[in-house]
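Here's the structure, in structure tokens; my notes come after.
The values are calculated or read from the model by the stated rules, or taken from the named source; none is laboratory data. All of these numbers come straight from a predicted model, not from anything done at the bench. Using ideal geometry, Cβ is built from the backbone for each residue, glycine included, and neighbour counts are taken over all protein chains shown.
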Amino acid sequence: MKNEVKYKRSRQRERILALLRSTDLHPTAGWIYDQLKGEFKGLSLSTVYRNLSILLGQGLIARLEYGGTFGRFDGNVSPHYHFICEQCDAVLDLPLPVDLSLNKKVDAATGCQTKFYRLEFYGICDQCQG
Ligand code: ZN
Ligand code: MN
């Protein structure tokens, strides 16, 4: 484990992680809060944010910063591409293999050492096209 900090096991955090892994909606913290507030008395949006940032630090979830005002969270941390609908803000996982040769091209062109890259496609999703 690269993360040295030990956190007390938290049932709330475990539920947040399970919820994120069970959906492909790439939800906001607000959506997560709405799903779980009935389950945990005294749950607050800031508790959700705190738990999300712990999960981020542990590398168990990813944060997506594009498309809209709010950060979106992804329970799938394996490399994959996204499509973002500019009309409804849907974030869709793309069923395409990740092109690892792009890393090598960047490394060859720059002398840098790529660890990973992200690729997003923007447009109108099939739902919004009617
Ligand atoms: Zn859409
Ligand atoms: Mn995703």
message = Quick check on region 73-81. Is at least one of its residues at pLDDT 95 or above, under 16 Å from Leu119 (Cα atoms), acidic (Asp, Glu) and crowded, with 17+ Cβ neighbours inside 10 Å?
response = yes
task = Considering every residue within region 56-65, establish whether at least one is over 23 Å from Arg15 (Cα atoms), in contact with a helix residue (DSSP H, G or I) (Cβ under 8 Å, 6 or more places away or on another chain) and within 15 Å of ligand 2 (Cβ to nearest atom).
result = no
ask   = Taking Tyr122, is it under 23 Å from Gly59 (Cβ atoms) and either within 16 Å of ligand 2 (Cβ to nearest atom) or charged (D, E, K, R) (or both)?
value = no
ask   = Here is a list of conditions, (1) in the same structural domain as Cys125 (by TED's automatic domain parsing); (2) within 16 Å of ligand 2 (Cβ to nearest atom), and Phe70 meets all of them except one; can you say which number that is?
value = (1)
Check on Leu45, within 16 Å of ligand 2 (Cβ to nearest atom) and either of a type outside the set (Phe, Trp, Tyr) or buried (at least 17 other Cβ atoms within 10 Å of the Cβ) (or both) = no
